[in-house]
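Worksheet for the structure shown next.
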Amino acid sequence: MAYPHAVAAPQLDNAKHDALIIIADNFSELDDPNLSQAIKSQMAVDARIGKQVTFLVVDSKRVILAPTGPLNRDYDDVRRYFDAAKLAINEAKASGSTKPAIYLPQASQDSRYQYALEVAYLGACQALWQPLEAREHHGESIEPITQIALFGANEQTIKAVNAIAAGQYAARDLCGTEPERMAPPRFADYCVDLFKGSKVSVEVIADIATIDKEYPMMSTVARASYAVERHHPRVVKLEYVPEGEVTRTLMFVGKGLVYDTGGADLKVGGFMAGMSRDKGGAASVAGFMKSVADFAPKGVKVIAFLAVVRNSIGSDCFVPDEIITSREGVRVRIGNTDAEGRLAMGDLLSEMKELAKTAVNPEIFTVATLTGHAARAMGPYSAYVENGPARAAHISRKLADCGDLWADGAEVSRSRREDYDFIKPRTLADDVLSSNNAASAVTARGHQFPMAFLAIVGGLDKHGTDSAQPIPYVHMDIAGSGVEGGDWQHGKPTAAGLSSLFARYCL
Ligand SMILES: [Zn+2]
C-alpha cells in the first residue's frame, strides 16, 4: 500500500530525509544551535515566520516552519498540529521533497498534546492522499512522498501510526471513490485484496437469494439495483481473532451505500452530488480492520459486517408505506426511502446481536453517514448515541476522549424516550416507522431517533440495562465528520472514528 510510511529518526542531521518540517507555536528557542541561529537570522528579515508556513534553506537543506498558533486556550486541541502538518507537507511536496521529516521541538506538558507527533504525521497523510481514480489514471507518482521520518518516535509508536495510516488510507479509498469504480462488487474485491494474507479473514455474500432471505431490509433497499448486475449488493464479513486469550469483542456494522439517490424519495435540488460517499461508515470500519490486521492487538477480537448496497431508483424500487418484515421479525413501515442506511444495517445488526450473546465482553457499534442532522447538530464532529449498557460503561465518553487526543473529535448524545415515541406504530399494521418525512436536519432529534430504530430492528431493545443480558451498543453517526469541511462532493474522506477506535482498543 502506497501511504507514506512512518520511520523513526533519531537525529536532526539524519541524511535520510530531504526536508525538515518543524511544527511549533514558537520558533525562537530551538535546542539545535545551528538551526536556531539560522531561524533567528531569517526572522530578522521575514515577519511571516510564526504566522504562516514558511520555507527556508539551512545548510543547503529544505526547512519548513509550520506554526500551530496558540495552544493554551480552553478551546485549543491537537488539531492545531494536524492542520499545521497538512499545510507543511503540501509545501514540502511542492518543493520536491519525497522523504521529509517532522520535528516537534517543544514537548508540551499539556496532556492535550501527548500524541501531537503522531497526529502531525496523520495530518500529513490526510493531506497527501490522492483519490483512487486519480492514482489509477495518473499513476502512483502523484503521491511522491513515500516516507515521513518522525523525530523522537520509538518503534512502538512507529508501528502504531503506520497501522493507523494504512487503515485510514484504505478507508479514504473505499469512501472517496466514484460509484461505478466502487460499486458493491468492486468494494468487496477491494476488501478481499486489502486483507489477502493478513490476520483478518474475509467472507463476501454475493448471492441475491441469500441476501433476500437473510437480510430482507437490505434486500428492500437493493431491489431497484437488481436490474443492473454490476450494482448488485454485497455483504462483506471481516473477522480478526487475536493470538491468546480474548478479553473483549468489538462488533461493527458499517453502512456502505455506494450510491444513495434517495430512491423513490429522490434527492432533488442538487442534493445528490456527493452521495457516492454514503459508504463512509463501512469504509471506516474496513479501514479499522486494516489497522487491526497490521497491528495485531492482543486480547481484542473484532468482527465487522458491511452492508454494501446501492439505493437506486427504478420501476422495482421500494416506496414509502411498504411494510417489510425484518430479520428480527419486526414489521417496518417505510417512512421515507432516503432513510435507507438504517434499513441496510438493521438485519446485520440483528445477526451481530445473536453473535454477541455468546461473545466475550461484547460491544456493538453501527458506523454510518446516517443523518444530515448529525452534521447540523455537531458540525465537524461525530455523534455517538448509546444504549443504557454502553452509557453505564462510559463507552462513548472514553471513545470521544481518545478522539480529542487523536484529532478525531466526537460528541456524545443521549438516547431518550422521545426517540422511541417518534417511530412508534400508529396502528396494528406495523411495529415501527423507519423515518419521518422532513429532512433530518430540520427534524428535532434527527440523529438520535434513528438509533432507537436501529435498536428495535437489531433486537437490542431487548438487551438494555433492564434485561437479563445487557449488551452495550453505540451508534456512531459520522455524517458531519466523514469528509473534510463537510463537503460531501469534494472534501477528502477523513476515515472518521478510526483513530479513536484504535487508540481506545488497540494501544
Ligand atoms: Zn439516504
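Things worth noting here:
- The stretch 1-136 shape via C-alpha gyration tensor axes, a/c threshold 1.5: oblate
- Subset of Lys16/Lys255; Lys255/Lys398; Lys159/Lys267; Lys298/Lys357 violating a 32 Å alpha-carbon distance limit: Lys16/Lys255; Lys159/Lys267
- Annotation note: trypsin sites (Lys or Arg not before Pro) in the stretch 44-87 located in DSSP loop regions with a Cβ neighbour count of at most 14 within 10 Å are Arg48, Lys51, Arg73.
- Check: the chain dipole with +1 on Lys, Arg Cβ and -1 on Asp, Glu Cβ, in debye: 260 debye
- Within straight-line cross-link reach of Lys196, aspartates and glutamates at Cα separation under 16 Å, skipping those fewer than 8 residues along the same chain: Glu239, Asp294
- Per the Cα gyration tensor, the stretch 206-339 maps to an equivalent ellipsoid with semi-axes of 31, 17, 13 Å, ordered largest to smallest.
- Of the peptides 284-294, 406-416, the ranking by mean beta-carbon count within 10 Å, highest at the top, reads 284-294, 406-416.
- Computed from backbone phi with θ = phi - 60° and the Karplus coefficients 6.51, -1.76 and 1.60, the 3J(HN,Hα) list for the stretch 370-384 is 8, 9, x, 5, 4, 5, 5, 6, 10, x, x, 9, 6, 10, 9 Hz; x is used for glycine and proline.
- Helical contribution to [θ] at 222 nm, DSSP H n ≥ 4, -39,500 (n - 2.57), averaged over the chain, rounded to 500: -10500 deg cm²/dmol
- Taking one quarter of the surface of the C-alpha convex hull of the stretch 284-412 gives a mean projected area of 9.9 nm².
- Order of His490, His447, His5 - criterion: other Cβ atoms within 10 Å of each residue's Cβ, fewest first: His490, His5, His447
- Range of Cα positions in the chain per principal axis (Å), largest first: 79, 48, 46
- Calculated Rg and Dmax of the stretch 322-368 using C-alpha coordinates, Å: 12.4, 38
- In straight-distance terms, cross-link reach from Lys40 covers every one of the lysines whose alpha-carbon lies under 22 Å from its own, apart from those fewer than eight places away in the same chain; here that gives Lys51, Lys61.
- When the charge dipole of the chain is built from unit charges on Cβ atoms (+1 for Lys and Arg, -1 for Asp and Glu) and taken about the Cα centre, the candidate among His5, Leu348, Ser97 whose Cα reaches farthest toward its positive end is Leu348.
- Of Lys199/Lys301; Lys279/Lys462; Lys86/Lys237, those spanning more than 23 Å from alpha-carbon to alpha-carbon: Lys279/Lys462; Lys86/Lys237
- Two-site label geometry, Lys40 and Ala94: point separation in nm, points 7 Å out along Cα→Cβ: 3.0 nm
Read the figures in this text as sums done on the coordinates, not as results from a lab. The structure presented is a predicted model; accordingly, all values stated were derived computationally and were not measured. Neighbour counts run over all protein chains shown; Cβ positions are idealised from the backbone, glycine included.
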